[in-house]
Each structure stands twice: as structure tokens, then as C-alpha cells.
Amino acid sequence: MFCPKCGAQNADGAQFCASCGAPIQQPANNPTPGPVPGPVPTPSPVNGGVSQLNSLAGNLGGILPLARIICGAVMIICFFLPLYGLAGIINVSAMQMTFGIDVYGSHLDGSFENVLFLVAGILVLVAAFALKGKASDILTIVGGALAFILVIAVASTANSQMGGYLTVDYAIGAWLYILAGIVCIAIGVLQMIAARK
């Protein structure tokens, strides 16, 4: 076999010239078999969506545990932030709704069931620090759903009890609480998807 570049003689079957290093093409009488022609498979849209979620879960795998801790901490902080505004007059936090509040010289009693606002954040932090695997993901979803449901249920209950005389609006704490709840649900779902890979 001769090199097409420098003309040096090389051993049969050599892929590169021993003299100049140029690639040597193999003779055409030994063709290598190529792919067998046939129908090209098309990906299923359902499988494509699942693989994209798997890819997203895998890419976010390192961020999700930290995001879970941050969401749990935000939920606990929101217990002390103003959750609802009462007709633009006063803002109340879940802590005030639990233990009571003084308004214009009079004391309004709280209701201890409002401590559930604190429980949602505790559930998420327990899921982050004390549990692993599927149990952690499920508890994170439960904590996120509890947060989301609590904020909306308390506001709608208060609005119906006021009979239209006093409106209850969401304050900054409620919006943060809802956002943290939605993120917790997403984290739990993505972690469960990543674990199935």
C-alpha cells in the first residue's frame, strides 16, 4: 500500500502512513457494512415529555434539596409576616391570628388552629433534614399543599363570615406562603421523577 500524500510504502491494512502520518484510505473492495435502511422510529410525545421531565429533574438534582430547605424556612418566616389585610385598615399575621391581637384598644382573641400555618413549614423542614427518598418527597408535597390550601381557605372563610362588610385581602406573607407551597409541590414531584430514573 502506498501513501497518497508522500508515496511511501506501508503495510497492507495500515490506516496512517508510517512516514508522514497522513490517513490512508482502504481499498474499495472491502466495504464495511452500513446501517440497514428501514423506517425511522419517531418518539412518542408522552415519552418525550417524560424524558424532558427526567432531564429537568436530573439537572436540578443538586439544587432541589437546598430549595426545599429554603421553602420550609420561608413558610416559617411567613408565620410572623402579615398574611391578610382587613379592609386596608390592619394587616394580621398567622401568629396574631393564633394568639390574638390588640386593635384600637380592644383585644381580638386568636384561634389556636391557625398554628397550622407554622406546621406546614415544619413538615417541609422535617422532610429536608430527617427523611430520605420517597417519604421525604411525599411529606414535601403534603407540606406544600397544606400551605396552599390554608392561605386560600382561611381568606375565603373570613370573607364569608364578614358577610361583605369587611374584605380580607392577601398581604405579602400570603403571597410568599403560596409561592413556597407551589415550589414545595414541584420539588417533591421532581425529586420523585428523578428517583425513578
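The values are calculated or read from the model by the stated rules, or taken from the named source; none is laboratory data. Small disclaimer: the values here were computed from a predicted structure and weren't measured. Cβ coordinates were reconstructed from backbone atoms using ideal geometry, including for glycine residues, and neighbour counts include every protein chain displayed. Heads up: the accessible areas ignore ligands, DNA and RNA and are worked out on the full protein's heavy atoms, side chains in. Shrake-Rupley method; radii C 1.70, N 1.55, O 1.52, S 1.80 Å.
Once you divide the Cα radius of gyration of the range 73-197 by 2.2 N^0.38 Å, the number left is 1.17.
What does the charge count near ALA145 come to, summing +1 for each Lys or Arg and -1 for each Asp or Glu among other residues with Cβ under 15 Å from its Cβ?
Local charge sum for ALA145: 0.
Computed with a 1.4 Å probe over protein heavy atoms only, the accessible surface of the range 62-116 comes to 55 Å² per residue. Here the range 111-196 has 73 percent of its accessible surface on carbon and sulfur atoms, given a 1.4 Å probe and all protein chains in place.
Rolled with a 1.4 Å probe across the full set of protein chains, the surface gives VAL126 an accessible area near 60 Å².
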